[in-house]
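The values are calculated or read from the model by the stated rules, or taken from the named source; none is laboratory data. The structure presented is a predicted model; accordingly, all values stated were derived computationally and were not measured. Cβ sites come from the backbone with ideal geometry, for glycine too, and all protein chains shown count toward neighbours. We work out accessible area using only protein heavy atoms, side chains counted, and drop any ligands, DNA or RNA first. Shrake-Rupley method; radii C 1.70, N 1.55, O 1.52, S 1.80 Å.
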Amino acid sequence: MDIVSVKRVRRLLDEYGEEFFERMLTPGEIADCRTSTGLDVLSLCGRIAAKEAAFKTLRVRDRFLPWLDIVVRRSDGGWPLVHLRGGAGRMAAASGITEVTVSISHDVDYAVAVAAPIITEPKGETP
């Protein structure tokens with residue numbers, strides 16, 4: 001689970017512009033957050049919270065969050081989908097995680113995300 005302050009993200013956006021978030025979000029993720037008037041701060045906060053929550057499911061020590069290797073996109077139905085690639089994909093595989101599912105919610109002041117790892121047991125083995 002992770003929570004992100006809308007006030008803090010709005011301040012960062014005002015001070016540093018969209019370019020600041022290009023270190024955390026892929027071009028597709030930024031496009032998902034864009035409206036006709038610019039970036040939707042609530043959507044931006046939701047993506048950041050989802051990436052943090054997804055990273056926490058990997059249960060790794062002494063690693064920094066690989067921001068661009070955890071991709072949170074909007075499905076055709078509107079719900080968030082997580083794709084783990086690069087370093088995040090390798091961390092997940094090492095933990096036996098095949099997928100991460102996430103739920104995002106936001107309100108005026110905060111965005112929250114809850115993530116859960118999907119672990120597929122090898123066939124023929126019982127716990």
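Here is how the numbers come out for the structure above:
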{"quantity": "Given (1) surrounded by 16 or more Cβ atoms within 10 Å (Cβ to Cβ); (2) modelled with pLDDT under 95, number of the condition ILE48 does not satisfy", "calculated": "(2)"}
{"quantity": "Selection status of ASP69, free of Cβ contacts under 8 Å to residues at least 12 places away in the same chain, over 17 Å from VAL112 (Cβ atoms) and of a type outside the set (Ser, Thr, Tyr)", "calculated": "no"}
{"quantity": "Answer residue from segment 81-105, given it is among the hydrophobic types (A, V, I, L, M, F, W, C) and assigned to a helix (DSSP H, G or I) and is most open to solvent (accessible area, probe 1.4 Å) among those", "calculated": "ALA94"}
{"quantity": "Condition met for GLY78 (open to solvent by less than 60 Å² (accessible area, probe 1.4 Å), at pLDDT below 95 and closer than 26 Å to LYS7 by Cβ)", "calculated": "yes"}
{"quantity": "Pairs where the first residue, in segment 29-44, is farther than 14 Å from HIS106 by Cβ and the second is outside any helix (DSSP H, G or I) and open to solvent by less than 30 Å² (accessible area, probe 1.4 Å), C-beta under 8 Å, 6+ apart", "calculated": "GLU29/VAL71; GLU29/VAL72; ILE30/LEU39"}
{"quantity": "Those residues of segment 51-75 which are crowded, with 17+ Cβ neighbours inside 10 Å and under 9 Å from the mean Cα position of the chain (by Cα), in sequence order", "calculated": "LYS51, GLU52, ALA53, ALA54, PHE55, TRP67, ILE70, VAL71, VAL72"}
{"quantity": "Close pairs (8 angstrom Cβ cut-off, 6 or more residues apart or separate chains): open to solvent by less than 20 Å² (accessible area, probe 1.4 Å) in segment 1-27, of a type in the set (Asp, Glu) anywhere", "calculated": "VAL4/GLU52; VAL6/ASP109"}
{"quantity": "Tally, over segment 21-79, of residues that are outside any helix (DSSP H, G or I), under 17 Å from ARG90 (Cα atoms) and among the aromatic types (Phe, Trp, Tyr)", "calculated": "1"}
{"quantity": "Meets criteria (within 16 Å of the chain's Cα centre (by Cα) and more than 22 Å from GLY96 (Cβ to Cβ)) for ASP32", "calculated": "yes"}
{"quantity": "Checklist (1) in contact (Cβ under 8 Å) with a residue 24 or more places away in the chain; (2) of a type in the set (Ser, Thr, Tyr); (3) farther than 16 Å from VAL102 by Cα applied to THR57, failing item", "calculated": "(3)"}
